Structures are given as C-alpha cells and as structure tokens.
Amino acid sequence: MTTRANRDVLGPVGLVLVGILSVQVGAAIAKGLFGEISPTAMVWLRLATSALVLAAVVRPRLRGRTRHDWLVVLGFGASLATMNWAIYQSFSRIPLGIAVTIEFIGPLALAVLGSRRARDLVWVVLAGVGVALLGLQRTGLDPVGVLYALLAGAAWAAYILLSASTGRRWEGFDGLAVASIVAAFAMTTPALLSAGTSLWDGRILLIGALVGLLSSVIPYSCELVALRSLRPAVFGILMSLEPAAAALAAIVVLQEHLSPVQWLAIACVVAASIGATRSGSAPGEPPGRHDEDRSAAPGTLAT
C-alpha cells in the first residue's frame, strides 16, 4: 500500500494522477505483448495478479453471507471480467487512447442519466461531437475494435452500479477482493485456450504480473489514500483525464501517435466528462476503480 511519506510528498491529487498514469502505462505495456500472447491471456494475468494481492491483503470474510450477497458480488465480478476483456480486445485493434475515449462514454452516459438537469444535455452533445470526430476517420479504425470499446463502456456502467450495491453488502474491500477472484476464475479457461504454451513463459508471467501491479494494485493503493482527504467530485474530475492519459502512455510506450482530429475528439469527451462530474448528481458521478464503500465516488478497472 502507499506509504504516509508518499502521501505527504505527492498530496491526494498527485496520488490520483499517479494512479491514472499507472493504469494506462500498464495497459500500454500489455498491448506491446499482444504479438506474443493473446489479449485474453494478458487480461487473465492482470486479474489473477490483482486477485492474489487483494485476497492476501484484504482476507475477505465469507461466512454469514446471504444468497443475495453472493449474487451481487458474482455480478460485480462478471462486469469486472467483461470490462477488462472487452477493452483489451478493443485496444488490440485500435489505438489505446481512442479505445479508452470510446469506453468512457459508458460512465459518462450513466452520469448524465443520473442528473435531472436539462442543461446537462450539453455534455451529451459534446461527447457526441467527440465520437463524431472519431467517425470522420473511420477508415483508420477497426469497427470491431470500436464495438469492443462500446461493450467495455457498457460493462463499466454495470460495474459502477454493481459496485455500489456490493459496497452496501460487503464491508470495506471484501467485495472487491471476492469480485476480483470471480473475474480471474471466469477468465481462466478462455485464457488457457487462447494462450497455448506462451502463457507459461517466465518472461510473459513476470510482465503480466507487472501489468497487474501497475493496472490494479498501485491505483487501488493511491486512490485509497487520496480519497481520505479528497472530495469525490474532485476525484471524478481527475478521473476524467483517463482518455488523455491513455493517449500519452501509448505515445511514450508504443509510439502510437494520433492525428489532430483524434486529439480533438479526446478533448471533447474529457471536457464532457468533467462537465458531467461537476454538475451531475452524486449517484451519477463517474466512479473510481474501487468504490465499493462509496457509491458516489468517482473509474475504471477498465484499463
């Protein structure tokens, strides 16, 4: 977990930004390995790593749970697995920054639907402009990759709703730990079928574990500490920078450059997300990566 010294040096905003960058760098590293291992197998390595770490640290209490408790956490785990699998399938086909931008439509739509203010339709229009701008260069985007990103966004919205429900039934991080185990278990057979012998290569296993640490464990730790002193609305605004962070990570790690029009599209979606977060009602704020015990907190375990 993040130490108090790190918290004091970086501050809560710095910790959130570190978490965002960590997630996207992890995703970029994962994409760099897709020539050697399938996206499905890489997702499993990431989920398995985070599940093992969370299970060891949290040690969730399983006794005394009702049938509904288990149904909720199983649904939460299924949304977590689907969200991660779909976004990895997406950015294996289209640029990372664009995949995350399209995915962000899911939580953004949920934020706007949670608001009763007519003027919040402005954010829908702005996000629509961003998607339309991406469509202007549709010949350069694999439509299957776009569809996977949309699926990831829908799963992210489901993750947000199920996360809040899980938080009401499972104490602390118990629900997240159990859901992570469920997600890893669900991806085991597809990973084994798609990876073949490459999954057991020592280098691949080590990098997969690194991706799990960068994409899950480090962000969880940073956000947990930051949210002790950071308002959820501010956190939501910071999380809205995810698409831009993804594009920057792809440039640095993968040399994956975007056109000016694509950058403008990302800017529109980021601005729409910030606007929806600032003006939306609390239940609709874009959620964080581990908001089991704070349904109004502003992410993704998506990437």
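The values are calculated or read from the model by the stated rules, or taken from the named source; none is laboratory data. Keep in mind it's a predicted model, so treat the numbers as computed, not measured. Backbone-built Cβ (ideal geometry, glycine too); neighbour counts: all protein chains shown.
Before we move on, is P60 at pLDDT below 95 and either under 26 Å from I251 (Cα atoms) or of a type in the set (V, I, T) (or both)? Working first, answer last.
Numbers: at pLDDT below 95: yes; either under 26 Å from I251 (Cα atoms) or of a type in the set (V, I, T) (or both): no.
No: the conditions fail for P60.
Read through the list (1) within 15 Å of the chain's Cα centre (by Cα); (2) β-branched (V, I, T); (3) over 23 Å from Y88 (Cα atoms), then give the number of the only condition that V225 fails.
The failed condition is (1).
Which residues, counting only those in the stretch 225-258, are at pLDDT 80 or above and charged (D, E, K, R)?
Those that are at pLDDT 80 or above and charged (D, E, K, R): E242, E256.
Taking the stretch 148-181 as the region of interest, how many residues are under 28 Å from T101 (Cβ atoms) and either touching a Phe, Trp or Tyr at 6+ places or on another chain (Cβ under 9 Å) or surrounded by fewer than 23 Cβ atoms within 10 Å (Cβ to Cβ) (or both)? Give the steps one after another, and end with the answer.
Let us first name the residues in the stretch 148-181 that are under 28 Å from T101 (Cβ atoms), namely 148-167, 176, 179-180.
In the following step, the residues that additionally are either touching a Phe, Trp or Tyr at 6+ places or on another chain (Cβ under 9 Å) or surrounded by fewer than 23 Cβ atoms within 10 Å (Cβ to Cβ) (or both) were identified as 148-159, 161-166, 176, 179.
Here the count works out to 20.
Between G75, G106, G145, which is crowded, with 16+ Cβ neighbours inside 10 Å and in contact with a Lys or Arg (Cβ under 7 Å, 6 or more places away or on another chain)?
G145
Would you be able to tell me the number of residues in the stretch 159-208 that are over 18 Å from T66 (Cα atoms), outside any helix (DSSP H, G or I) and at pLDDT 85 or above?
Kept after step one, since they are over 18 Å from T66 (Cα atoms), are these residues of the stretch 159-208: 159-161, 180-181, 183-208.
This time we only want the ones that are outside any helix (DSSP H, G or I), so: 201.
Now narrow it down to the ones that are at pLDDT 85 or above: none.
Residues meeting the conditions: 0.
Conditions tested, residue by residue: (1) surrounded by fewer than 24 Cβ atoms within 10 Å (Cβ to Cβ); (2) among the β-branched types (V, I, T); (3) at pLDDT 95 or above; (4) in contact with a strand residue (DSSP E or B) (Cβ under 6 Å, 6 or more places away or on another chain).
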residue	(1), (2), (3), (4)
A27	no, no, no, no
V43	no, yes, no, no
S50	no, no, no, no
G64	yes, no, no, no
R67	yes, no, no, no
W70	yes, no, no, no
A99	no, no, no, no
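Cβ contacts < 8 Å: first residue assigned to a helix (DSSP H, G or I), restricted to the stretch 220-245; second residue crowded, with 21+ Cβ neighbours inside 10 Å and of a type in the set (D, E, K, R), any location; separation 6+ or different chain. Result?
Y220/R289; E223/R289; P232/E285; A233/E285; F235/E223; G236/E285
S221 - would you say it is within 19 Å of G11 (Cβ to Cβ), surrounded by fewer than 18 Cβ atoms within 10 Å (Cβ to Cβ), touching a helix residue (DSSP H, G or I) at 6+ places or on another chain (Cβ under 9 Å) and of a type in the set (S, T, N, Q)? Explain how you work it out, then say what you get.
Numbers: within 19 Å of G11 (Cβ to Cβ): yes; surrounded by fewer than 18 Cβ atoms within 10 Å (Cβ to Cβ): no; touching a helix residue (DSSP H, G or I) at 6+ places or on another chain (Cβ under 9 Å): yes; of a type in the set (S, T, N, Q): yes.
Criteria not met by S221.
Among the candidates S240, S215, which residue alone is within 21 Å of F173 (Cβ to Cβ), surrounded by 18 or more Cβ atoms within 10 Å (Cβ to Cβ) and either out of contact with any Cys (no Cβ under 6 Å at 6 or more places or on another chain) or of a type in the set (G, A, S) (or both)?
Numbers: S240 fails: within 21 Å of F173 (Cβ to Cβ).
From the options S240, S215, the qualifying one is S215.
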